[in-house]
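Worksheet: one structure, shown below.
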Amino acid sequence: MDAPVDLRSDTVSRPSAAMRHAMATAEVGDDWYGDDPTVNRLQDLAAELTGKPAAAFLPTGTMCNQIALSILGRTGHSVICEATAHIGDNEAASSAALSGIAFHYLPAADAGALTADQIATALEPDPYHVEVVDLVALENTHQASGGSVLPVAEVRAISKICAEHNLPLYLDGARIFNACVVTGASIADYAAETTAMMFCLSKGLGAPIGSMLVGDTEFITEVRRRKILFGGAWRQAGFLAAAGILALQEGPDRLAEDHANARRLAEGVAEILPGSIDPARVPTNILFIDVAGHGHGLREWVRRLAAQGLLVTTIGSRLRMVTHVNIGRQQITDALAAWRTVAAELGTGSKG
Ligand SMILES: Cc1ncc(COP(=O)(O)O)c(C=O)c1O
């Protein structure tokens, strides 16, 4: 059997031949001492691209988020974020466990997009002085709502509210380059509205490991200290930074292909299983399929699709697929063939 079409996440992609070569030949040092030249080159590149004074290379997006929260928030205080934000909902309660931070969740009316008005209302003075909000955290693109995009203008309006309340604004930009493809804005346009932000090299950009946290010099100096505290101070990390540099230089230009493939996939699945997905609500590379109306539990769909060579995952009550660098036109065709076969096996979907 051929290798399965793996659409569980954009994190499953394999490094390219060029990345493997760059890794094998990377010049390295000890990043704990700050003297790994390839890590330093990647950090300089990230700072330059985002327009922020400094950057830190960390193992995961989760570690970026959690270190940022630990610096910008305080024990017993709250962080405002969207109700299904990764930082609050998907990181194993690490903010509570590691930093004693709570979340003030705001449900977004439309596709994960918090609005400036919502945040202004949440920040109205609390007459009982029970809650202290330390910061606002946004996510762009927003994973749980299917990779939806916040435009720069809305982030700017939110940034203005934060400034009025003297609060930092943090951006979980795990997939910010996907947002940039849709809006035409640059990563620097988004970064300019934030106190600090992170982005992942290991998702659509195709690197095997690693994420960048950017901010001002004082913030990043403290990030480097907490990187030790959180157990993330790696040594010859230049091997990974070498792949990260290629990801950053070459990854963003390719993301439009992932978006086009996601749209093709959504249109195909909508034809096979009417009502399970609205292709017009797939702006980037993430698709959620609602099979509830087609009978059979989620696990049954996952198992049968896997038997047809298609790997998908479940998030809540839906199936998720994410396009990435290893998925081309042929894989989309193969994935749709798997959906068609399983729908026929389960006796559901369009008969056309
Ligand atoms: C929006 C978002 N933020 C943060 C993360 C965490 O990244 P990592 O898996 O590198 O810890 C993810 C991972 O999927 C994500 O989707």
For residue 28, state whether it is surrounded by fewer than 20 Cβ atoms within 10 Å (Cβ to Cβ) and either in contact with a His (Cβ under 7 Å, 6 or more places away or on another chain) or not aromatic (Phe, Trp, Tyr) (or both). yes
Every residue in segment 188-211 that is part of a loop (DSSP other than H, G, I, E, B) and at negative phi, please. 192, 193, 194, 195, 201, 202, 203, 204, 205, 207, 208, 209
Looking at segment 72-86, can you tell me whether even one residue there is in contact (Cβ under 8 Å) with a residue 12 or more places away in the chain, farther than 23 Å from residue 191 by Cβ, within 16 Å of the ligand (Cβ to nearest atom) and crowded, with 18+ Cβ neighbours inside 10 Å? yes
Check residue 39 against each of (1) part of a helix (DSSP H, G or I); (2) in contact with a helix residue (DSSP H, G or I) (Cβ under 8 Å, 6 or more places away or on another chain); (3) within 12 Å of residue 213 (Cα to Cα) and name the one condition it does not meet. (3)
Would it be correct to say that residue 226 is part of a helix (DSSP H, G or I) and surrounded by fewer than 18 Cβ atoms within 10 Å (Cβ to Cβ)? no
What residue, among those in segment 194-235 that are of a type in the set (A, V, I, L, M) and in contact with a Pro (Cβ under 8 Å, 6 or more places away or on another chain), is nearest to the ligand (Cβ to nearest atom)? 209
Please verify whether residue 185 is within 16 Å of the ligand (Cβ to nearest atom), under 30 Å from residue 8 (Cα atoms), part of a loop (DSSP other than H, G, I, E, B) and assigned by TED's automatic domain parsing to the domain that holds residue 67, treating the condition exactly as stated. no
Filter result (more than 16 Å from the ligand (Cβ to nearest atom) and under 17 Å from residue 113 (Cβ atoms)) within segment 139-165: 151, 152, 153, 154, 156, 157, 158, 159, 160, 161, 162
Can you find even one residue in segment 8-17 that is touching a Leu at 6+ places or on another chain (Cβ under 6 Å) and not assigned by TED's automatic domain parsing to the domain that holds residue 101? yes
Name the residues in segment 1-25 that are surrounded by 19 or more Cβ atoms within 10 Å (Cβ to Cβ), touching a strand residue (DSSP E or B) at 6+ places or on another chain (Cβ under 6 Å) and among the hydrophobic types (A, V, I, L, M, F, W, C), would you? 5, 7
Residue 182 meets each of (1) hydrophobic (A, V, I, L, M, F, W, C); (2) buried (at least 23 other Cβ atoms within 10 Å of the Cβ); (3) within 28 Å of residue 277 (Cβ to Cβ) with one exception, condition (2)
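Evaluate the following for residue 168: is it away from the ligand (no atom under 16 Å from the Cβ) and under 17 Å from residue 69 (Cβ atoms)?
Against the criterion (away from the ligand (no atom under 16 Å from the Cβ) and under 17 Å from residue 69 (Cβ atoms)), residue 168 qualifies.
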Regarding residue 171, is this residue surrounded by 24 or more Cβ atoms within 10 Å (Cβ to Cβ), assigned by TED's automatic domain parsing to the domain that holds residue 81 and in contact with a Leu (Cβ under 7 Å, 6 or more places away or on another chain)? yes
Of the conditions (1) surrounded by 14 or more Cβ atoms within 10 Å (Cβ to Cβ); (2) under 28 Å from residue 209 (Cβ atoms); (3) not small (Gly, Ala, Ser), residue 298 satisfies every one except a single condition; which number is it? (2)
Does segment 120-138 contain at least one residue that is within 30 Å of residue 262 (Cβ to Cβ), within 14 Å of the ligand (Cβ to nearest atom) and touching a strand residue (DSSP E or B) at 6+ places or on another chain (Cβ under 6 Å)? yes
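The values are calculated or read from the model by the stated rules, or taken from the named source; none is laboratory data. The shown structure was predicted, so the numbers you read here are calculated from the model rather than taken from an experiment. As a convention, Cβ positions derive from the backbone with ideal geometry for all residues, glycine included, and neighbour counts pool all protein chains shown.
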